[in-house]
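Colleague: Let me begin by handing over the structure; questions about it come next.
The values are calculated or read from the model by the stated rules, or taken from the named source; none is laboratory data. Keep in mind it's a predicted model, so treat the numbers as computed, not measured. Heads up, the Cβs are rebuilt from the backbone with ideal geometry, glycines too, and the neighbour counts pull from every protein chain shown. In case anyone asks, the SASA skips ligands and DNA or RNA and just uses the protein heavy atoms, side chains included. Shrake-Rupley method; radii C 1.70, N 1.55, O 1.52, S 1.80 Å.
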Amino acid sequence: MNKTELIEHIAKQTDLSKADAGRALEAIISGVKTTLKKGGTVSLLGFGSFSVTKRKARTGLNPKTKEPIKIKAAKVPKFKPGKALKDHLN
């Protein structure tokens, strides 16, 4: 499912127009991004939690030349599914 299909699904489930559903989805995505940028977590009960973890700097290999390269430290988003989501899938 892509973003357009998700907007259509939201519109059908909530009796909103596609434009309103699109704005609602954008507001949710914006809220998650803003919270993660500030170092917070977003927990959706029954679905899961979004958080940010730090990845250390490390040495990797250039696949073409096989020479070592330095990979910078980075913050990466992480999603941990909730129990209800896991149960639904199994």
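Colleague: Among the listed residues Leu16, Leu61, identify the single one that is under 27 Å from Asn2 (Cβ atoms) and of a type outside the set (Lys, Arg). I'd like the intermediate steps shown before the answer.
Modeller: Details: Leu61 fails: under 27 Å from Asn2 (Cβ atoms).
Selected residue: Leu16, the only one of Leu16, Leu61 that is under 27 Å from Asn2 (Cβ atoms) and of a type outside the set (Lys, Arg).
Listed here are the residues, each with its yes/no results for (1) of a type in the set (Ser, Thr, Tyr); (2) modelled with pLDDT of 95 or more; (3) closer than 30 Å to His88 by Cα.
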{"position": "Val42", "(1), (2), (3)": "no, yes, yes"}
{"position": "Gly46", "(1), (2), (3)": "no, no, yes"}
{"position": "Phe50", "(1), (2), (3)": "no, yes, yes"}
{"position": "Ala57", "(1), (2), (3)": "no, yes, no"}
{"position": "Thr65", "(1), (2), (3)": "yes, no, no"}
{"position": "Ala74", "(1), (2), (3)": "no, yes, no"}
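Colleague: Test each condition in (1) touching a Lys or Arg at 6+ places or on another chain (Cβ under 6 Å); (2) open to solvent by 100 Å² or more (accessible area, probe 1.4 Å) for Ser51 and report the one that comes out false.
Modeller: The failed condition is (2).
Colleague: Return only the number of the condition from (1) farther than 21 Å from Leu85 by Cβ; (2) under 18 Å from the mean Cα position of the chain (by Cα); (3) open to solvent by less than 80 Å² (accessible area, probe 1.4 Å) that Thr65 does not satisfy.
Modeller: Going through (1) farther than 21 Å from Leu85 by Cβ; (2) under 18 Å from the mean Cα position of the chain (by Cα); (3) open to solvent by less than 80 Å² (accessible area, probe 1.4 Å) one by one, Thr65 breaks only (2).
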